1. Is there a residue in the stretch 36-44 that is more than 22 Å from residue 104 (Cβ to Cβ) and modelled with pLDDT of 75 or more?
2. Just for strands (runs of 3 or more DSSP E) wholly inside the stretch 6-104: which have at least 1 residues that are surrounded by 12 or more Cβ atoms within 10 Å (Cβ to Cβ), within 19 Å of the chain's Cα centre (by Cα) and among the acidic types (Asp, Glu)?
3. With respect to residue 60, is the statement that it is charged (D, E, K, R) and under 11 Å from residue 101 (Cα atoms) true?
4. Just checking, how many residues over the stretch 114-146 are in a loop (DSSP other than H, G, I, E, B) and at pLDDT 75 or above?
5. Look at residue 52 and say whether it is closer than 29 Å to residue 67 by Cα and touching a strand residue (DSSP E or B) at 6+ places or on another chain (Cβ under 7 Å).
6. Which count do you get for residues in the stretch 44-89 that are out of contact with any Ser or Thr (no Cβ under 7 Å at 6 or more places or on another chain) and touching a residue at least 60 places away in the same chain (Cβ under 8 Å)?
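The values are calculated or read from the model by the stated rules, or taken from the named source; none is laboratory data. Keep in mind the model is a prediction, meaning the values are calculated, not measured. Don't worry about glycine lacking a Cβ; one is built from the backbone with ideal geometry, like all the others, and counts go over all protein chains shown.
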Amino acid sequence: MVSAKLFQDAFKRLRDENQETLLRRVKKARQNADAKAKLEAAGFCPTADGQLQYVNLKIDRTEAAKVRKALGCPLKVDSRSVWNEEERKVKVNLTPVNYDGVSLYFFVIVPKPGRGRPKKGEVRMPCKFVKVRQKAYTYTTLQCER
């Protein structure tokens with residue numbers, strides 16, 4: 001049989017943990033609402049989930065400086081992933097340093113290796129496409145030098 005004191009202690013710990021989680025979520029929602037308002041004021045149309053835990057925005061590669069200026073903080077490259085291998089299209093995810101739940105992304109086309117100058121719309125990246133073979137399937141990933 002569980003003693004009443006042990007049950008009360010467990011209940012108090014659970015209540016305190018829930019309050020801390022709730023406070024973190026409220027802080028993140030306020031921060032994301034602030035970022036969403038700044039982006040909308042700059043002329044962008046970000047999307048957000050119902051609880052404002054995540055804000056997403058698709059931008060053009062040339063608009064990154066405008067977004068950085070609107071948010072007032074630097075952007076860091078979060079990840080690069082293969083979006084379409086045939087078109088050599090790569091999705092680049094950016095995250096503002098001061099806004100944890102905000103995700104920005106844009107697409108770039110990587111030229112084939114060994115070509116001269118990139119065509120219009122292509123971007124030189126220190127990455128190459130690598131096919132990875134598993135027992136049951138094959139997939140393509142990016143291998144970046146940095």
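1. no
2. 75-84
3. no
4. Looking only at that region, the number is 4.
5. Here the answer is no, as residue 52 does not meet what is asked.
6. 3
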